[in-house]
């Protein structure tokens with residue numbers, strides 16, 4: 001859909017006009033260029049005028065049309081350098097409104113959706129993930145696609161993917177859990193950033209996804225944006241797509257071409273049983289006054305707990 005958004009803007013570029021995104025869409029949604037020449041997403045629908053906030057990058061406006069008493073809601077991009085994020089925003093609005101049954105609710109819905117995007121446009125560079133964060137998210141996605149979906153199916157796997165805070169494991173399903181770590185191929189240790197990551201009364205596994213920074217010349221290179229698209233193609237309905245992108249938003253993922261610069265070779269997945277005797281620290285071992293601990297484990301000290309097969 002993002003490519004369609006780009007194509008629509010290209011169609012309007014010379015004439016500086018507007019074009020409807022999709023004649024079948026229930027909401028009148030257009031992209032084009034406003035009177036100042038800025039790329040603009042415009043929505044026309046019935047509703048009540050509400051306050052709406054602009055940012056330095058996006059000018060947001062809402063007004064009532066005299067012709068039919070409908071509202072005109074628009075978002076204009078003031079810095080063309082941020083076009084890739086703006087396309088993602090436009091795509092998000094189009095996708096999230098496709099099943100709205102009541103046009104009157106659409107303006108309020110879109111404004112609420114805009115509020116979730118405001119921080120991205122207020123300070124876009126602060127929301128770009130670091131290389132470690134990119135590799136970490138990609139590691140979770142590799143495990144989701146190659147192990148979880150094959151074993152549990154799409155819906156159960158997406159629902160089990162919950163590790164957006166250090167108080168939860170990355171995946172929790174059927175009375176067990178998986179904690180993911182994306183590491184370099186030749187790493188000798190793995191970082192455990194909190195005691196909670198490996199502490200539980202339930203059986204769990206520490207999973208190492210080996211991702212080696214590489215380039216496009218290798219066989220089967222993977223990058224974050226492309227891998228996300230490969231998973232999206234596997235999803236069976238809109239509910240699964242919505243859930244998938246909700247999980248990505250929770251991890252601070254928004255599409256940007258910046259992520260295409262980071263390319264990896266998938267060097268395999270290893271799983272280790274976190275059971276009695278596994279080298280970890282538990283809360284009951286801490287002295288009074290210690291509130292947070294992070295530590296590293298030598299990978300070769302985990303070999304007795306290696307999980308053979310799936």
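Structure above, values below:
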| quantity | calculated |
| --- | --- |
| Region 204-239: number of residues that are exposed (fewer than 15 other Cβ atoms within 10 Å of the Cβ) and closer than 30 Å to residue 98 by Cβ | 10 |
| Residue in region 212-231 that is closer than 21 Å to residue 296 by Cα and outside the structural domain of residue 91 (by TED's automatic domain parsing) present | yes |
| Of residues in region 10-37 being in contact with a helix residue (DSSP H, G or I) (Cβ under 8 Å, 6 or more places away or on another chain) and touching a residue at least 40 places away in the same chain (Cβ under 8 Å), the one nearest to residue 58 (Cα to Cα) | 31 |
| Within region 152-163, considering residues that are touching a strand residue (DSSP E or B) at 6+ places or on another chain (Cβ under 9 Å) and in contact (Cβ under 8 Å) with a residue 12 or more places away in the chain, the one surrounded by the most Cβ atoms within 10 Å (Cβ to Cβ) | 161 |
| Members of region 197-212 found to be in contact with a helix residue (DSSP H, G or I) (Cβ under 8 Å, 6 or more places away or on another chain) and within 17 Å of residue 162 (Cβ to Cβ), listed by number | 199, 206, 207 |
| Any hit, region 97-104, residues being part of a helix (DSSP H, G or I), outside the structural domain of residue 225 (by TED's automatic domain parsing), within 21 Å of residue 254 (Cβ to Cβ) and in contact (Cβ under 8 Å) with a residue 24 or more places away in the chain | yes |
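The values are calculated or read from the model by the stated rules, or taken from the named source; none is laboratory data. Source: prediction; values computed, not measured. Cβ sites come from the backbone with ideal geometry, for glycine too, and all protein chains shown count toward neighbours.
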